[in-house]
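Structure record follows, encoded as structure tokens.
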Amino acid sequence: MLKINDLKVNYGGIEAVKGISFEVPEKSIVTLIGANGAGKSTTLRTIAGLKKPESGSISFLGKDITGTDTSSIIAQGITLVPEGRHVFPDMTVLENIKIGAYLRKDSLEDDINWVYDLFPRLKERSWQLAGTLSGGEQQMLAVARALMSRPKLMMMDEPSLGLAPIIVQGIFDIIREINKQGVTILLIEQNANMALHAADLAYVMETGHITMQGAGKDLLEDESIKAAYLGKKKA
Amino acid sequence: MTKKNVRNLVLSILLLAAAGGALGWLQANSSAHSYAISIIERSAIYAVVAVAMNMLTGFTGLFSLGQAGFMALGAYVTGILTIPVEMRANVYYLNGIAPWLENVHLPMLPALILGGLVAAVFAALIGIPILRLKSDYLAIATLGFAEIIRAFLASPAMNTITNGSFGLNNIPAFSNIFVPCIVSAVCIFLMVLLINSSYGRAFKAIREDDVAAESMGINLFRHKELAFVISSFFTGIAGGLLAVYMRSIDTKTFQVTLTYNILLIVVLGGIGSVTGSIIGSFLINGGQEWLRFFDEPLSIGGVQIPLFRTGFRMVIYSVLLMIVVLFWRRGIMGTSEFTWDNLFGLFKRKKKKNAGGEA
């Protein structure tokens, strides 16, 4: 569905992504794990059109989208849940959700009901200002807002950041549920354990390169992954 | 329609009718009430600029201080075009008027709109480089721009067009009090429509979090430019209204203090509240006049109170402003709007409190 080929991106004069290639198959959950500064966020931002790549290509559903505007990328069915949630604090939950469908001109009624079914908590708080929600609720709102563009591929940047373990579990359950309903997920995480358990396919990114790839379950068993990301000692 | 909506509609119509009636009464007795009329007219004009500034600062999060510059553009365009052709030799008695401009004359309304358009074009041009700046830097850049406009209008090179530093006079006045009030109301109504549209929602999203707004596919630059241009358009129209209201203008009218006055109205009314800006405009313009009795000598029981002399009014005024800013940090209205429901809600809460605080 999404194909990245030899992508190079500069970030503040430094080459943050040094020629990576990977693929996201349709209807799967794919994760990109790696330490701080490995270039994960830059990769997502480039796919979403928020950054322009130096070289390489990105194609989505067989169409080249390298260097296209964010608005047309969203219109083609890619959405990004930014790192740190970034809800609009002085707007109500419902207004936040409506902003997610900003580029759509058709009726939103069905989709609002759909995201309210996914997140009943948000329905209860529909008129509350988003800034007054808890961290977990804000993350749900960020996901709900992204879903309003009716994406085929949802990219999530660190959905577990700063959340309690039990909330993280809930967020991952929702991610699986959304995936079951047909949305492909590309997830980047520092919480490698959670991400690998959820993922069909995983890539490990280190200082701008992809160093390892495989099924999520296989990587969980890999000794070097265990040592580097899962906090277990090599046997 | 629910009972509440009917009540609100009826109240709104009554309020409009009362306002219209009051204006009509003032107009019928205009010679006796010229003072009140002039305060109301100025308040209405300032309200337009305040709402336009609020649209930028309060709703889009762009802190611009270029209002005086855009008002000057609107005022000069309107002024030059509406001065009657036969008066022009008198107005431009020192330098003469440029021949191409000599017989160009427009009625007030088209001249106002043209003034707004000129301001909008300038805004579009300078918006391209300066809207990339953020917060304070944007304020400084727009402030500088406004001063450039002022210097440009006053420069000797513009003598045959703007009459340079001599200013313009003999601008025909409003035919009655309804003209500035209705033009202002229409301008504010159009801005409210914009703020409540999906563009307005995008403006608010940019104010709240530009990273997220961008990820939602909102083109930051295009929306900032749109807000800036439209705000400047209405600021230009208000400048034109001000020219007609004052009847004679020169570039000193459009110094930075004018922008600060507008900023004061916006802050006092509440950044992010349209009705707040309107109320603020009437309070500031009315308050400055109402406090005038402090400027007059006062004696109680034959003893002259020493503080009451010219200038004391501004001391009181400044102290009052400080008190308001200290205790209502978010302005009179905060970010909320005046609605009948809110007003009655306020009464109900008070009643409950008085009854023993069950709420």
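What follows draws every value from the coordinates through simple rules; no lab data is involved. Since the model is a prediction, treat every value here as computed from it, not as a measurement. Cβ coordinates were reconstructed from backbone atoms using ideal geometry, including for glycine residues, and neighbour counts include every protein chain displayed.
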List the residue ranges in chain B for DSSP H helices whose C-alpha atoms run 27 angstrom or more along the long axis and whose Kyte-Doolittle average is 1.0 or above. B:34-54, B:108-130, B:135-154, B:220-246
Please order A:Leu108, B:Leu193, B:Leu112 by the number of other Cβ within 10 Å, starting at the fewest. B:Leu193, A:Leu108, B:Leu112
Cβ-based net charge around B:Ile195, under 11 Å, with every Lys or Arg adding one and every Asp or Glu removing one: +1
Could you work out the relative contact order of the stretch A:63-137? I mean the mean sequence separation of Cα pairs under 8 Å and 6+ apart, divided by the number of residues, in percent. 40
Quick one: compute the contact order of the stretch B:1-113, relative version, from alpha carbon pairs under 8 angstrom and 6+ residues apart, as a percent. 17
What is the percent of Cα-Cα separations in the protein assembly as shown that go past 46 Å? 33
If the elastic network links every pair of Cα atoms under 10 Å, which of A:Leu61, A:Leu187, A:Leu219 fluctuates the most in the Gaussian network model of chain A? A:Leu61
Are any of the pairs A:Lys3/A:Lys105; A:Lys40/B:Lys224; A:Lys123/A:Lys180; A:Lys27/A:Lys217; A:Lys180/B:Lys204; A:Lys63/A:Lys217 more than 27 Å apart by Cα-Cα distance, and if so, which? A:Lys3/A:Lys105; A:Lys40/B:Lys224; A:Lys180/B:Lys204; A:Lys63/A:Lys217
For the stretch A:54-68 and the stretch B:274-288, what is the centre-to-centre distance using only Cα atoms, to the nearest Å? 54
Between the helical axis of A:165-180 and the dominant principal axis of chain A, each derived from Cα atoms, what acute angle in degrees is found, rounded to the nearest 10? 90
Computed over chain A, the distribution of all Cα-Cα distances in 5 Å bins, rounded to whole %, is 1, 7, 14, 18, 20, 17, 12, 7, 3, 1, 0, 0
Give the relative contact order (percent, whole number) for the stretch B:35-268; include only Cα pairs under 8 Å separated by 6+ residues. 43
About the Cα centre, charge dipole magnitude for the stretch B:35-268 (Lys/Arg +1, Asp/Glu -1 at Cβ), debye: 100
Return the FRET efficiency for the residue pair B:Ala151, A:Lys3: r is the Cβ-Cβ distance, R0 is 41 Å, and the value is rounded to the nearest 0.05. 0.10
Expressed to one decimal in nm², the mean projection of the alpha carbon convex hull of the stretch B:212-359 is 15.8
Roughly how many Å is it from the Cα centre of the stretch A:161-202 to that of the stretch B:148-221, as a whole number? 48
Which value in Å does the Kirkwood hydrodynamic radius of the stretch A:39-169 take, with 1/r averaged over all unlike C-alpha pairs and then inverted? 15.4
Total charge of the residues flanking A:Ala130 in space, meaning their Cβ is under 15 Å from its Cβ, with Lys and Arg +1 and Asp and Glu -1, is +3
With a cut-off of at most 16 other beta carbons within 10 Å, and DSSP calling the residue loop, which trypsin sites (Lys or Arg not before Pro) in the stretch B:80-151 qualify? Please list them. B:Arg132, B:Lys134
Taking every DSSP bridge whose two residues both lie in the protein assembly as shown, the antiparallel percent to the nearest 5 is 60
May I ask for the net charge around B:Thr142, where only other residues with Cβ less than 14 Å from the Cβ of B:Thr142 are counted and Lys, Arg are +1 while Asp, Glu are -1? +1
Just to be sure I understand: with springs between alpha-carbon atoms less than 10 Å apart, which residue in B:Ala68, B:Ala98, B:Ala202 has the highest mean-square fluctuation in the Gaussian network model of chain B? B:Ala98
222 nm [θ] for chain B, helices only, -39500 (n - 2.57) per DSSP H run of 4+, per residue, to 500? -22000 deg cm²/dmol
How big is the shadow of the Cα convex hull of chain B, averaged over all directions, in nm²? 24.4
Gaussian network model of chain A, Cα within-10 Å springs - most flexible of A:Met148, A:Met194, A:Met212: A:Met212
Computed for the protein assembly as shown: size of charge dipole around the Cα centre, +1 on C-beta of each Lys and Arg, -1 on C-beta of each Asp and Glu, debye to nearest 20, value 1220
